[in-house]
Amino acid sequence: MMDESRRGFIGKAFGAVAAVGGIASLIAMKKTWDPLPSVMSAGFTTVDVSGLEANKLEIAVWRGKPVFILKYTEDMKPTDGRNVKIGDHYFSVMIGLCTHLGCIPAYRADQHDFKCACHGGEFTDAGVQKFGPPPRPLDIPPFKLDGVTLVLGEEGPEYKAMIAKA
Amino acid sequence: MAEFKKADSMLEWFDQRLGVVNFAKVMMTEYWIPKNINFLWAMGVLLTVLFTFLVVSGIFLLMYYKPDVNMAFDSVNYTIMQEVAYGWLFRHIHAVGASVVFLVIYIHMFTGIYYGSYKKGREMIWVSGMLLFMLFSAEGFSGYMLPWGQMSYWAAYVITEIFGGIPVIGDELVVWIRGNFYVSDSTLTRFFMLHVLLIPLAIIGAIVFHFYALRFPHVNNEKGEFFDFDEEAEKYLAGNKKESKVVPFWPVFLSKDFFVLGFFMLFFFYLVFFHYNFAMDPVNFDKADGLKTPAHIYPEWYFLWSYEVLRGFFFEIAGVSGKDLGLMAFGFANAIFLVLPWLDRSPMVKPANQRPYFKYWFWFLMADLIVLTVYGKLPPTGANAWVGFASSMTFLTLFIALPFITKAEAKKVGGK
Amino acid sequence: MKEFKILAVIVALVGITYYGIEPYAHHVMHPEVAPADFTFKDLKNVDMSIKGNPENGKVLVEANCVACHSIESAGHPQVMPNADAAASYGVVPPDLSSAGWIYDKNYLANFIFDPVTAMHLQHKYTPESGKAFPMPAYNWMTPQEIMDIVSYFQGLAPKAKSGIASHKNTYEVACGRCHSMAYAGFEATTPSENIKAYMGATPPDLSQYIKSRGEHYLYSFINDPQVLLHGTSMPRTGLNQKAQEEVIAYMESIGDSKKAERENLGIWVMFYTLVFAILAYLWKRKIWSEVH
């Protein structure tokens, strides 16, 4: 013979167990939708800048976008809020998509500037627009410095300082 | 179980086992619909037929479509459009059908608003209908990504980016939805799953629910008249067909629907064969390229009005950024129709033109939605941006004002 | 009658919306441009009234052109394989067998005189750019000599004069050195890495361009790319009207191969639907006569 309260307790316990199972399944389903580990690790691109040649454009790919990394020569002048100093050299680090319509500008080493073939936009070596339709400078991706290694996708103090100035 | 006597006919055989005679009565020959209705009452059947077209054409497309960023574009534009026998026909029906289904949904929806078919017992019909609208929107959006053209990619990019505006979790949510930091293969495969399985299942469920919700409050009529359906049905069954205010679903109501359907199909097939660019944007015949943005990005026409509400706020007001304001307005615009039955505070069920204040509200809303739709497509520069802002504000104001307008109307009519 | 009124209201609302989002928006986003000019009247360096002498033209061509260009229909084979030619010049030089057939006479003469100006690529080959078009300008020739060359080319017979074979040939000669057509199994004759370096970006595959750009756009664009895409490195190719129409017809035959089937079936389906609608109306009248 079961009394009322006992039946009530079993009912509640059954409901609670069912709810726990439901919530656990939902968590599993949410995780199934999460980006895969391979995608997450690809979300951070590391570039060793020590071996880069000055005045020669390096293009890294970060989250499906080209990232321009340009090491300055001694006679190239940095632009405030646009360049980062790594070791003894200044670098430009920016997303290589023209801010007009997203084409990839080409670097002209002899003139130290970028020229977009699509609609003729031009940018300085620091990515500031100087001619044509682009509305704003090239975007700067979040980055962190780890010695001579540049980690794209993490916000380091150098990045924050640059963004604050720009 | 009762003992079965040997059936004399096939009908009897099935009736013994499935109760088909009674079922046919309940669903068809004794399902009562008001008699004073016009062709706008055929939109529900039109939608059912269009949905069937979409399912059937979708099944054939599914046979050849490949949900993979490297193969999707060519599987659609080469295999389906040029190799498969009548593959082009199924794609055209699917693409044009998806666009036209929204046209009919909007007509259906505004018919409901015009005739007041969302209140006094019909709230659940309205709510389930709006649920269907949302599901169809999700279905349309997920399907638009599948051909993997430039507009597929960039519309998906821009729309998923919207979720980034949600406070705190925004950025992570965008990555979670896409399954990557940018719109990529993982995004395509999950939207493929949603488009061909999960959302269609939900739609079918919601359609059944929508039909079921009609059974108790019954279909509204052209005058918003309330009458006793059982009494009128008895009259009809007794042979007083001309006096009765109701007709059975089959064959009387459906005969009218088929007639409307016939002429609608003429229009539909004209679009499918000869005038399909509005539903199959030329830009989408360029393969998706994440490194190259098209000159103009816009969603399909049926999302333009809410897209314009999103874009309408392009400057900061009282310290809140335009982006956040737009997102809030966008959320409001998409949710507000759902609660319409509770915003209309007048108990009057009448066509809008017989309601002293509501009629202005209704036609204002129609005009505003058309302005929003048109400016949602135009580039948001110069004066266009301000038209967008004004029409977005008008939209919000109309809905905020609705309870007051209808309250005042109830007072005026009641005091007569 | 009332139902016609309702229908009229709906048609009006839908019509206004449609006008706004299709013809009007299209007009705003793609403004009309100057019509195609198949006389290339901006080119005036060679007097078109001079009558050329094909025999002398043949001598001039053999002395000046065949070092780089093949003219297969006149028995001058390719000088070197495509890959080597692309490596030497940046792009494979065209075979000239059809030159007199597909290019406008005025354009061709002015092209020989000064190719960069004829192609509208002055912005690409500026003195500062340090780049030079691989073919030199023959502006040292007399107008008579240039017209001799043109008349020689006009006397050469093309491989096919009409029909799909001719469309295909025109496409391959006029466009195919840079643009692939994957849906026709055709790959650009200049290898992709060479053409990318030469043009600044890989020229697009044209399989679906009849759909993505449409005939109307292509008609203006091919005639003079700078008009619609200012600053592009694609040259004005100088096709005459017939050759340009052949190119577009070829693009349609590959990119929209079911067009004829679609339009034919469309008529039948509409006819069927009309019969369906009329019968549905008659049936409805019969059924409703009992209840009205």
* To do: Could you please give the count of residues in segment A:127-147 that are in a loop (DSSP other than H, G, I, E, B) and within 14 Å of A:Gly96 (Cα to Cα)?
  => 10
* Any chance segment A:42-55 includes a residue that's assigned to a helix (DSSP H, G or I) and either at pLDDT 95 or above or surrounded by 12 or more Cβ atoms within 10 Å (Cβ to Cβ) (or both)? -> yes
* Structure fact -> The condition from (1) small (Gly, Ala, Ser); (2) more than 30 Å from B:Trp41 (Cβ to Cβ); (3) buried (at least 19 other Cβ atoms within 10 Å of the Cβ); (4) free of Cβ contacts under 8 Å to residues at least 60 places away in the same chain that B:Ala288 misses is numbered (4)
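Taking the conditions exactly as written (among the polar types (S, T, N, Q) and within 20 Å of the chain's Cα centre (by Cα)), does B:Asn353 satisfy them or not? Walk me through how you get there before you give the answer.
Details: among the polar types (S, T, N, Q): yes; within 20 Å of the chain's Cα centre (by Cα): no.
In short, no.
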* To do: Hey, can you tell me all the residues within segment B:65-102 that are touching a Ser or Thr at 6+ places or on another chain (Cβ under 6 Å) and within 13 Å of chain C (Cβ to nearest Cβ)?
  => B:Gln82, B:Phe90, B:Ile93
* For B:Arg355, state whether it is among the charged types (D, E, K, R), surrounded by fewer than 18 Cβ atoms within 10 Å (Cβ to Cβ) and at pLDDT 90 or above. => no
* Looking at C:Gly255, C:Gly231, which is the one that is within 11 Å of another protein chain (Cβ to nearest Cβ), surrounded by 19 or more Cβ atoms within 10 Å (Cβ to Cβ) and over 22 Å from B:Phe263 (Cβ atoms)? -> C:Gly255
* To do: Say whether the condition of being basic (Lys, Arg), closer than 14 Å to B:Ala138 by Cβ and at pLDDT 90 or above is met by at least one residue in segment B:184-195.
  => yes
* To do: State all residues of segment C:100-136 that are among the small types (Gly, Ala, Ser) and closer than 20 Å to A:Cys116 by Cα; if no residue qualifies, say none.
  => C:Ser129, C:Gly130, C:Ala132
* Structure fact -> When segment B:300-318 is checked residue by residue, the ones that are out of contact with any Pro (no Cβ under 8 Å at 6 or more places or on another chain), among the charged types (D, E, K, R) and either assigned to a helix (DSSP H, G or I) or more than 11 Å from every other protein chain (Cβ to nearest Cβ) (or both) are B:Glu308, B:Glu316
* If we scan segment B:197-210, do we find a residue that is assigned by TED's automatic domain parsing to the domain that holds B:Ala24, within 30 Å of C:Phe271 (Cα to Cα), assigned to a helix (DSSP H, G or I) and within 18 Å of the chain's Cα centre (by Cα)? -> no
* To do: Take A:Lys85 and decide whether it is assigned to a strand (DSSP E or B), more than 16 Å from the chain's Cα centre (by Cα) and not β-branched (Val, Ile, Thr).
  => yes
* Search result, residues across segment B:336-349 that are crowded, with 18+ Cβ neighbours inside 10 Å and modelled with pLDDT under 95 -> B:Ser346, B:Met348, B:Val349
* **Checking A:Thr46 against (1) away from chain B (no Cβ under 13 Å); (2) in contact (Cβ under 8 Å) with a residue 40 or more places away in the chain; (3) on the phi > 0 side of the Ramachandran plot; (4) touching a strand residue (DSSP E or B) at 6+ places or on another chain (Cβ under 9 Å), the condition it does not meet** => (3)
* When residues of segment B:319-335 are limited to those that are among the small types (Gly, Ala, Ser) and either within 20 Å of B:Tyr106 (Cβ to Cβ) or not in a loop (DSSP other than H, G, I, E, B) (or both), the one modelled with the lowest pLDDT -> B:Gly322
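The values are calculated or read from the model by the stated rules, or taken from the named source; none is laboratory data. It should be emphasised that the depicted structure is a prediction, and the values quoted were computed from it without experimental measurement. Note: ideal-geometry Cβ built from the backbone for every residue, glycine included; neighbour counts use all protein chains shown.
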